[in-house]
Amino acid sequence: MTENNPLSLEEPMALLEAISQLILNKMPSAEYSSLLNDFVESEFFLIDGDSLLITCICEKSLKQGQSLHFFYLVECYLLDLINKGGHFAVVFFKDAECAYFSFPELLPLRTALILHLQKNTTVDVWTEFSRCFSREWETCLKETCPYFLIVADEGLNQLQTHLFNFLIIHCWAMRVNIVLFSGQASGILRLYAYFLPTSYDDVKLLSKNRTQIWTVYKSLLKQLEENRTSAVAPLFRDLQWDTVLEKASETISLLKKLWPERSDVQCVFCVTSCSLFLQINHDFLPKKKKAISSKNNNKQQGSCLGLAEMKDFCKLHCLTMAFLLNLPLPQRARSRFITAPWIKAIQTLFKMKKWCDYFILSNKSLFRFWDLNSIYLSDLTDDVLLKNIAFYYENENADGLHLHLGKTIMKDYEYLWNTVSKLVRTFDVGKPFPLRTSKLHFLKKKLSPIKGKRFMKCVLCYVWSDDPIVMSLVKQKEFDELVHWHSHRPLSDDYDRTKANFNAKSRDPQILKSLQKHHIFQRLYGNSLESVSSKLIVTQGVKAKKDFHEAKSIKKHETKAELIAKENKKRLLAKEEQKDEQKWNALSLSIEEEMKKNLNSGIKKLEDFLKSCKSNSVKVQGEMVGLMACLKTWKEHCKAEGKIRKDLSIVVQIMKRIQSLVDKYSELLQEADWKFIAKCLKYLRFDELASSLYPTQDTDDINNKKKSKYSVGIGPARFQLQYMGHYLVREERKDPDPRVQDFIPDTWQRELLDVVDNYESAVIVAPTSSGKTYASYYCMERVLKESDEGVVVYVAPTKALVNQVAATVQHRYTKNLPSGEALCGVFTREYRHDALNCQVLVTVPACFEILLLSPHRQQWVKRIRYVIFDEVHCLGGEIGAEIWEHLLVMIRCPFLALSATISNPEHLVEWLQSTRHYWKKVDSVMKPNIASETKAGNHAKNNFQIQQSHKVRLVLYGERYNDLEKYICSVKNDDICFDHYHPCAALTTDHIERYGFPSDLALSPRESLQLYDTMCLIWKEWPQAQTLCPENFIHFKNKVVIKKSDARKYEESLKSELTSWVKDGNIKQVKKVLKHLNPHSEFRSGNLLKKFPLLVEKLNEMNQLPAIFFIFNLTSVEMCAVSVGKSLEKKEEEKRPPKADKEIHVMVSKLQKFKKSMEKQKIVEGKKQRKTRKLDQSLYHEAQYNHLLQSLEENLKMPQDCTYADYKVIDSEYLQMVFKRVKFERKGDQLKALARRGVGYHYSAMSAKEKQLVEILFRKGFIRVVTATGTLALGVNMPCKSVVFAQNSVYLDALNYRQMSGRAGRRGQDLLGNVYFFDIPQPKVEKLIKSKVPELRGQFPFSITLILRLLLLASKADDQEDGQAKVLSVLKHSLLSFKQPKIMEILKLYFLFTLQLLVKEGYIDRDGNPTGFAGLVSHLHYHEPSNLVFVNFLVNGLFHKLCQPTKKGSKRFSEDTMRKLVLVLANLFGRRFLPAKLQDADTKFYQSKNILRTLGISYAQAPLLLPQKFDSQGRRMPLNAYILDFYKHGSLKGLVQDNRINEGEAYNLLKDFSLTVKSISVSLRELCENEDDNVVLAFEQLSETFSEKFKKI
């Protein structure tokens, strides 16, 4: 059912099945992702209340009949969401109640749940909507814009499932995503669930079939209403529904008179429900039912009961309620479990009683006019307790066992029953005692009706003692087939097995040529990243620290050499000044002429000259010439008649020239210059400014008439804020720092340099593009100069950033090193290059952890002088965050931790300082050893350890170089409109009152002015209006040059004033201000793919390219880029002449003929001597050929408006060199075709070469449109003019928003960055702008394999003392447990449990030393717990039984054996679960089977890996069979089509599996001395076969 294929079904059931199938077809592609992140307030989302009810009712752990347990489950779920920052509402639709008429026991429970959530919790509950198709509901969705709805995929019956399905498709149609209750898992920080996004086809589905769907929905409701009749009729016969409701109201009204004061809901519920039940049975049921004598009831257990039994039944309920009122929960928890069921007649009474419960609870007058204590709404019934009481009176009391109820319970019970007696006025219900007057047994007679008291016991199988069971497990003999295996043999580590790009020792010419090409490309790649020239590093040794802050007034005696150098410098400067003067004299006339013709192009030429000019005096001349030209142009512009609106861009140029002269060159200005500047200001009517600059200015030369003609019309301060905000002068230091040659560092940057000079550590938090990375390169340079042994490790979160930093280092520095040594190396999981023989290692966290934990790499680790952690906020990420923690606590050297987005840096620094204190103590203990090593001749190597500081500094800098302005894109009349979004519009008065203004909510100068104007407009009598008027503001008064810092002070003053409005009670005015600033744009943008090319074109027309478009779905990233390319191709086709193709075909034919003719002529001329005539003819043919070739190229040339590429920025040779690298890549051809159109895409699943093509060409300015996922925001250097958020996603949170928007505004090119929101709901935009980034609180730091790896390091390290110190540091310093003693206790228990498990499994001995296959387990640490299960299978012989060759003595295995082996490995290393509902799907598959069959292995055989996973309702969740399917058909497209995995993601998953199989294969070969071992051979064959299949993709 798509846009092109609307529904055409006549039968309702056919439509219902079609909708079910549509939802099922989407489930395989559901993304299992985190919904809530890091305790930050989430997206606003909805929870379907009935889905919540069904999910908790079907929860396996629920004790049926105990309402308190049910409410506990509901509250636990909701509280978990709230604690994780969930911002949601629970919605109950009125029509959904119909689904419970077949389940009357759930009707009162549903009603009680709604009342409980409304009255006893802070949860937002919506009950006013009749159905999901109502207009009110659709309006609500449009206004609140929830990001997703959590709903169940299956109901109690098929009819309720259809109701859920209607809700799902309606939400999709309203562009609300769906999250399934099924399969949810809650972690410490996050909630994981299946996410089903909406699509454009879903929107079209409802709009094209709305009438039909509505018709079927009504028929479904009608059927559910009929279920009510069929459910009620057998119980109440001809009794009318309204009659019962009226009777319930009468009962409640009567009770209000009896209990006029505050009452408890439990008591009210009990007495009203019981009295209603008795009255209905007495007054309205057939006479014959009342006439039945209780004497014969023992014979009539299955037929109708009399009033006596009914009264006894109600007495039991009243006594149960008395127990509930008084019995403590611990005693109720110990209730016996009675297995004897109720007799059939009593089950019927239960149904009637539940209907009465529902009538009472649903009565609106129950709470409306009565002061009712509703706290115990969650504990109205306890069927387990009721059955216990019934059992006692029918069995134990009869046998002489007497229950002493106690006075309180007796009193409460009598009070309840007496109230029932008063409410039932039509007949006498009898006295409270005896409780049982009838002889009928309500419970069936059954052997052993009581299930003894059994409590869940937490049995630890692994005991840390001399238990002989444990000892026998440790010492047990391994599988007989493993006698040739040496499990204790040390394995090669991950570093050894990682593919080396080039063998440095090889003399193979081909390898050497490849190595040369690699270095050439790295320099080219590095050159694209920055334009600095390469620097030769010379080792200088460790120098004494210099004080760069000492007073400059202290003079020292200059040597003769210094004097000579000084004179030479002066002479050189004079020479350069003379050259600049000559150059200006040569160019000035042409620049002046150009400014007369076209001011803008002339000014651009002038500014280009001034950038290259070094002489200040020449710059003054140039600026004055520019100022004169601008004034002349302005005067001519103003004199022209008919000008309705003046072109103020000319005034902007005048003020830019004036500001430059006054701010930079005021000392060089002559009196005439000052006079002319003042004259310019007078013309603009900036009189006060003019007077402040040149007070004696003669004003008579400009009469008042001229003044008004040339006037700007506004004050100078307002003009600068409104039109020159992005040109405002940034305050920069003018005193150079001798440590930096390329630029003059700011104060905070100098602090970073001091940190490195003092060998200190620092956490650096500064905005993107602020220059914080420079400290990293200064650190590298310092270590490179110190020695040839010291190492700097640069840790980057992604491979793309690793490649970028490595290229930058190789481009920046060169150094003559000893043979075999390299300046820069790279280590990732896929490849390594010069990793351990370099001085600057660039790596990812996981690979650096491998080196730190490797027992035999500790000598190399000791060479590390500094570690730089880029994007350290990944410490709070979803995947791999704990690895960052391990690195930070294991390193002994100083570090730099860089980030743009940390909200609690003080907490992070405090934690890091605690780790530094630990290492300081360790160093003090180990110092004698270091000293002895120094005496032995290792002084140079240990010098750093003696000098280093253990201090951790915090360096904060919050000012962005460029301002960011936001715009909301909306589609109106098939065109895209852009509305400026003022940041303050995101705020509310509550937010300002509670939190104030967010610290990073910055306003551009024109936004500050807009805020001031709005405040004046809303509050006419605002007392501070004059004070904060731009012309009167203290920091703007009479300033020709308003600086960025002045504008920031103005912004802070306005924010402070608005905050005081809120605090002083002027809430209405503030609300009006915020509302006025809100653009109120429509965010609905329709089909993303359809509108995306239009969006790009509009931005191009507005000169807002280059731009990065962030899209979070991998498929959409590629498709959007392709759609832009196709749009440009179509545009070109439309512009081509009709006969163009024919002409090209003719030209190609002629060229081919000419080519053949010329080749033939050459052969003939080669045999004979050339004659002059023949030579002339040959030249003629060649000229004709070239002419035709040129004509063909002109015909094939791409029109300028059919590409976004800028062909001027790079030559064709450079372009072809970049293109050549992707010749054999999967997406190479597509990327090249798009690049020629100026378009590219970028996401993690692309190869390094593919990503580098896009990065290089984008940085060069050739590609100007890039679609990308969030991985591009992690430090990759791709600045742009604009950033566009083109798709909403759960991943678009406050952190990612700041990371991504930080790309906008290229320093040195753009003074203003722009952020556009396309297809993002406005409430989401507001949330992104005002939300804080998540705090770093740490992740759970341990795993079983990590602890095993730590034990391996402690026992096998080359330097055991150092290794043990590292292990203790990891165990002691967890960010999660920092200042959290309770969590530390949990971690200790986890550690002890892990030790016990490892002993039991035989991986360590009693002393903690690794044994058995510990090395193999730790080597597969990426795949815990599958690694432990794999080794368990190996030891127990599973693989030896499975891997049998085709015939005896053969070394090859059958395809069937290989598939079985893949099946086992897929169950271990390819565990990708699907929603449980999919097992019912009747889906057609083309190549894949989709669902992986299980191995039939029990939990006892694999205790750490659940062989099967079940959702909360007990349904089995199947595994995706993508690995086995790929092994069978070898098609990536098959996985996309059938297994519903994105192509890029599937590629990565297969690559990961291929690496795992190869790693296992190598490990097994190293462990086994028998070359013909079947398991080893089978894994080698599988590794080879799978790799071949993978390479063919």
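Worth pointing out:
- Qualifying residue in segment 1015-1026 (condition: open to solvent by 50 Å² or more (accessible area, probe 1.4 Å), within 18 Å of Val1325 (Cβ to Cβ) and at pLDDT below 90): no
- Any hit, segment 268-291, residues being part of a helix (DSSP H, G or I), surrounded by fewer than 16 Cβ atoms within 10 Å (Cβ to Cβ), among the basic types (Lys, Arg) and at pLDDT 85 or above: no
- Pairs are defined by a Cβ separation below 7 Å, a sequence spacing of at least 6 or placement on different chains, a first member in segment 59-87 that is closer than 24 Å to Thr339 by Cα, and a second member that is in a loop (DSSP other than H, G, I, E, B) and open to solvent by 70 Å² or more (accessible area, probe 1.4 Å); the pairs so defined are His69/Lys63.
- Positions within segment 1562-1576 being open to solvent by 10 Å² or more (accessible area, probe 1.4 Å) and not in a loop (DSSP other than H, G, I, E, B), in sequence order: Val1562, Arg1565, Glu1566, Asn1574
- All told, Arg210 falls short of being open to solvent by 30 Å² or more (accessible area, probe 1.4 Å), part of a loop (DSSP other than H, G, I, E, B) and either among the basic types (Lys, Arg) or touching a strand residue (DSSP E or B) at 6+ places or on another chain (Cβ under 9 Å) (or both).
- Residue count for segment 327-385 under the criterion of being out of contact with any helix residue (DSSP H, G or I) (no Cβ under 7 Å at 6 or more places or on another chain), among the basic types (Lys, Arg) and not in a helix (DSSP H, G or I): the result is 2.
- Residues in segment 1392-1428 that are closer than 29 Å to Arg829 by Cα and either without any contact (Cβ under 8 Å) to a residue 12 or more places away in the chain or open to solvent by 50 Å² or more (accessible area, probe 1.4 Å) (or both): Asn1409, Tyr1422, Glu1424.
- Considering residues of segment 774-810 that are surrounded by 20 or more Cβ atoms within 10 Å (Cβ to Cβ) and polar (S, T, N, Q) only, the residue farthest from His873 (Cα to Cα): Gln810
- Filtered by the rule that a residue be closer than 11 Å to Phe1110 by Cα and open to solvent by 10 Å² or more (accessible area, probe 1.4 Å), segment 1270-1288 gives Gly1270, Thr1271, Gln1287, Asn1288.
- Any hit, segment 962-982, residues being loosely packed, with under 15 Cβ neighbours inside 10 Å, touching a residue at least 60 places away in the same chain (Cβ under 8 Å) and in a helix (DSSP H, G or I): no
- Test: residue in segment 885-907 that is of a type in the set (Asp, Glu) and under 19 Å from Cys847 (Cβ atoms): yes
- Test: residue in segment 109-123 that is modelled with pLDDT under 90, of a type outside the set (S, T, N, Q) and not in a strand (DSSP E or B): no
- Leu753 fulfils the conditions (1) open to solvent by 40 Å² or more (accessible area, probe 1.4 Å); (2) at pLDDT 85 or above; (3) within 20 Å of Thr808 (Cα to Cα); (4) touching a Pro at 6+ places or on another chain (Cβ under 8 Å) except for a single criterion, (1).
- Residue in segment 1435-1449 that is closer than 22 Å to Leu1352 by Cα and either free of Cβ contacts under 8 Å to residues at least 40 places away in the same chain or part of a helix (DSSP H, G or I) (or both) present: yes
- Enumeration of residues in segment 229-250 that are closer than 17 Å to Leu349 by Cα, part of a helix (DSSP H, G or I) and either more than 50 Å from the chain's Cα centre (by Cα) or not aliphatic (A, V, I, L, M) (or both): Ser230, Val232, Ala233, Pro234, Leu235, Phe236, Val244
- Candidate set from segment 965-986 (those that are among the hydrophobic types (A, V, I, L, M, F, W, C) and in contact with a helix residue (DSSP H, G or I) (Cβ under 6 Å, 6 or more places away or on another chain)); member that is nearest to Phe1318 (Cα to Cα): Ile976
- Considering residues of segment 1092-1131 that are at pLDDT below 85 and part of a helix (DSSP H, G or I) only, the residue least open to solvent (accessible area, probe 1.4 Å): Leu1114
- Residues that are more than 28 Å from Cys76 (Cβ to Cβ) and touching a helix residue (DSSP H, G or I) at 6+ places or on another chain (Cβ under 7 Å), drawn from segment 146-170: Leu159, His162, Phe166, Ile169, His170
- Counted residues, segment 603-638 - those being open to solvent by 40 Å² or more (accessible area, probe 1.4 Å), closer than 16 Å to Tyr683 by Cβ and not aliphatic (A, V, I, L, M): 3
- A single entry from Arg829, Arg782 fulfils the requirement of being under 30 Å from Lys1551 (Cα atoms) and either charged (D, E, K, R) or at pLDDT below 85 (or both): Arg829.
- In the set Lys635, Lys646, only one residue is over 19 Å from Trp584 (Cα atoms) and assigned to a helix (DSSP H, G or I); that residue is Lys635.
- Subset of segment 251-267 that is part of a helix (DSSP H, G or I), open to solvent by less than 30 Å² (accessible area, probe 1.4 Å) and not polar (S, T, N, Q) - its residue that is nearest to Asn373 (Cα to Cα): Val265
- Within segment 968-1004, tally of residues that are hydroxyl-bearing (Ser, Thr, Tyr) and in contact with a His (Cβ under 9 Å, 6 or more places away or on another chain): 1
- Taken over segment 720-750, the criterion of being open to solvent by less than 60 Å² (accessible area, probe 1.4 Å), in contact with a helix residue (DSSP H, G or I) (Cβ under 9 Å, 6 or more places away or on another chain) and assigned to a helix (DSSP H, G or I) is satisfied by Gln720, Leu721, Gly725, His726, Gln749.
- Extreme residue, surrounded by the fewest Cβ atoms within 10 Å (Cβ to Cβ), among residues of segment 817-871 that are part of a strand (DSSP E or B) and of a type in the set (Gly, Ala, Ser): Ala822
- Among the residues of segment 1251-1266, those that are open to solvent by 10 Å² or more (accessible area, probe 1.4 Å) and not in a helix (DSSP H, G or I) comprise Gly1261, Arg1264.
- When each of Ser1355, Ser1343 is tested for being open to solvent by 20 Å² or more (accessible area, probe 1.4 Å), in contact with a His (Cβ under 9 Å, 6 or more places away or on another chain) and modelled with pLDDT under 90, the lone residue that passes is Ser1343.
- The lone exception for Ala586 - which of (1) surrounded by 11 or more Cβ atoms within 10 Å (Cβ to Cβ); (2) assigned to a helix (DSSP H, G or I) it fails: (1)
The values are calculated or read from the model by the stated rules, or taken from the named source; none is laboratory data. Remember, predicted model here, so these are calculated numbers, not experimental data. Positions of Cβ are backbone-derived with ideal geometry, glycine not excepted, and every protein chain shown enters the neighbour counts. The protein model used for the area step is the full one, side chains on, heavy atoms only, and it has no ligands, DNA or RNA in it. Shrake-Rupley method; radii C 1.70, N 1.55, O 1.52, S 1.80 Å.
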